[in-house]
Amino acid sequence: MLAEHGYTGVEVDLEIPSPKPATPDRLLHTLSKDLASQIRLSGQMFKPCIISHGVGGSLIAQTYIESNNASGLVMISPAVDTHEALQLLPAPLKEFTYEPNFPILIVDTPERIELHEQRNRLVKDGLVDMAIVPQLVEKNVFGAVAKWLDDQL
């Protein structure tokens, strides 16, 4: 949908490698390297704005951001904190330590935005924009993301 509005993008599907890395940190690092490779192969000339969806997607995106440049980061219904990641991963993760020097947007429902305000370090530090949508359906999410992209980038 964003391409219809003049944005250039690359959709990347990442698969969990086999054999699966021994630790959650290694798994996320491997997937982050795969993402970086896909972005390089896309031939994009500018730093990307990474758009992720869900707990797993947000963890990969933030792992990518820790060691790669970006012009922005959009996380749709991301992990509230690394403890929430235990739904997907067998062991706890270390907290992300990147310092955002680019705009960040979190898109989520009112209930989850409240959790972000309580537990997400970037939200508590006032380092992100938040878009509250009544439901995580394409029309709502696309509208929020497109408006933010137009305002930020």
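Just so you know, all these numbers are worked out from the coordinates, no wet-lab data involved. Please read all numbers here as calculations on a predicted model, not as lab measurements. Note that we place each Cβ from the backbone using ideal geometry, even for glycine, and neighbour counts take in every protein chain shown.
Considering only DSSP beta bridges with both partners in the chain, what is the antiparallel share in %, to the nearest 5? The answer is about 0 percent antiparallel. Residue by residue, segment 93-110 carries 3J(HN,Hα) couplings of 9, 6, 5, 5, 10, 5, 9, x, 10, 8, x, 10, 10, 10, 10, 7, 7, x Hz when phi is fed to the Karplus relation 6.51 cos²θ - 1.76 cosθ + 1.60 (θ = phi - 60°); x denotes Gly or Pro. With the cut-off at 1.5 for a/c, could you classify segment 65-153 from its C-alpha gyration tensor as rounded, prolate or oblate? Since a/c reaches 1.5 but b/c is at least a/b, the shape of segment 65-153 is classed as oblate.
List the pairs from K20/K94; K20/K124; K94/K124; K33/K94; K47/K147 whose alpha-carbon separation is above 27 Å, in the order I gave them.
Over 27 Å Cα-Cα: K20/K124.
Across the options A131, A144, L73, the greatest Cα extent toward the positive end of the charge dipole of segment 69-153 (unit charges at beta carbon of Lys, Arg, Asp, Glu) belongs to L73. Under a 5 Å amide H cut-off, with hydrogens placed 1.01 Å from N, I76 pairs with S52, H53, G54, V107 among residues at least 5 apart or on other chains.
For the pair L41 and R121, a Förster radius of 30 Å applied to the C-beta separation gives a FRET efficiency near 0.40, rounded to the nearest 0.05.
Springs between Cα atoms under 10 Å define the GNM used for the chain, and in it the highest mean-square fluctuation of E117, E66, E138 occurs at E138. Reported to the nearest whole Å, the Cα centre-to-centre distance from segment 1-70 to segment 111-153 is 19.
Only helices enter this figure: runs of n ≥ 4 DSSP H residues, each worth -39500 (n - 2.57), summed and divided by the residues of the chain, yield -12500 deg cm²/dmol at 222 nm to the nearest 500. Shown in residue order for segment 56-71 are the 3J(HN,Hα) couplings computed by the Karplus curve 6.51 cos²θ - 1.76 cosθ + 1.60 at θ = phi - 60°: x, x, 5, 5, 5, 4, 5, 5, 4, 4, 4, 9, 9, 7, 8, 8 Hz (x for Gly and Pro). The residue among Y64, P103, S18 whose Cα reaches farthest toward the positive pole of the charge dipole of the chain, with charges on the beta-carbon of Lys, Arg, Asp and Glu, is S18.
Between T97 and A3, the simple label model (points 7 Å from Cα in the Cβ direction) yields a spacing of 3.9 nm. When Rg/Rh (Cα atoms, Kirkwood Rh) is computed from the coordinates, the matching label among [x] 0.94; [y] 1.11; [z] 0.98 is [x].
Dividing the alpha-carbon Rg of segment 40-109 by 2.2 N^0.38 Å yields what?
Here the Cα radius of gyration is 1.13 times the empirical estimate.
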